[in-house]
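Take a look at the structure below.
The values are calculated or read from the model by the stated rules, or taken from the named source; none is laboratory data. The structure displayed is predicted, hence computed values, not measured ones. In this analysis, Cβ positions are derived from the backbone assuming ideal geometry, glycine residues included, and neighbour counts consider all displayed protein chains. Remember, those area values only see protein heavy atoms, side chains included, never the ligands or the DNA or RNA. Shrake-Rupley method; radii C 1.70, N 1.55, O 1.52, S 1.80 Å.
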Amino acid sequence: PKQQRAIDLQAHRGGRALAPENTLSAFSNAIEIGVTTLELDIGLSADDVVVISHDTLLNPEHTRDARGNFLKAKGPSIRSLTLAQLQTYHVGRIDPASSYGKPFAKHLWSDGERIPTLAALFARVDQLGASKLRFNIETKLDPGQPEETASPEQMVRALLAEIDKAGMAQRVTV
């Protein structure tokens, strides 16, 4: 019989050293290499969709505009953009000239990656048959910057609805 692992092997932001952080390609890669838990961060879009992002503002070190150019500065906030607006940004590469990108020279780029929804991640996990995989979800809230993030009540309501809809309550730590 196969022995149970004594260690919970987590992929931080989906394994950001290997693939573009918090993307479906990173999560798929993490599942392929055998992690037991996906660690990820969430925010809420302007139209209250739970999206996966570590940053509360679009990050120029790994976000490109519709023309494929890395953003010049941080922003706008995830909360200020609808899902449709967020989907116009590319997040499948790190700017190799940035201090953030230099340590990841062997990154698996994934052009075409957009900021994913939590629902899309749950669907991908189901599609890949990873029925034992767990999720460690960090909410990105900042009470000191209320214009930048959703309120805790809005975030929790939307997050729990997605978890319930996907039937993932037994597999999620928030």
A correct Karplus calculation of ³J(HN,Hα) over the stretch 120-133, with 6.51 cos²θ - 1.76 cosθ + 1.60, θ = phi - 60°, whole Hz and x for Gly and Pro, returns 5, 5, 4, 5, 4, 4, 4, 4, 7, x, 8, 6, 9, 4
accessible surface per residue for the stretch 1-154, probe 1.4 Å, DNA/RNA/ligands not counted, whole Å² -> 52 Å²
Note on the stretch 60-135: contact order normalised by length, alpha-carbon pairs under 8 Å, 6 or more apart, percent, works out to 27 percent
Ranked output for segments 97-106, 147-156 by mean other Cβ atoms within 10 Å, highest leading, reads 147-156, 97-106
Counting only protein heavy atoms with a 1.4 Å probe and every protein chain in place, the carbon and sulfur fraction of the accessible surface of the chain in whole percent equals 53 percent
Toy charge model, Lys and Arg Cβ at +1, Asp and Glu Cβ at -1: the chain dipole around Cα centroid in debye, rounded to 20, equals 580 debye
Largest fluctuation, V51, V125, V91 only, Gaussian network model of the chain with Cα springs under 10 angstrom, belongs to V125
What helix-only [θ] at 222 nm does the chain give? Using -39500 (n - 2.57) per DSSP H run of at least 4, over all residues, to the nearest 500, the answer is -6500 deg cm²/dmol
Here, the chain modelled as identical Cα point scatterers in vacuum has Debye log10 I(q)/I(0) at q = 0.09 Å⁻¹ of -0.30
Bridge orientation stat for the chain from DSSP, antiparallel percent rounded to 5, came to 40 percent
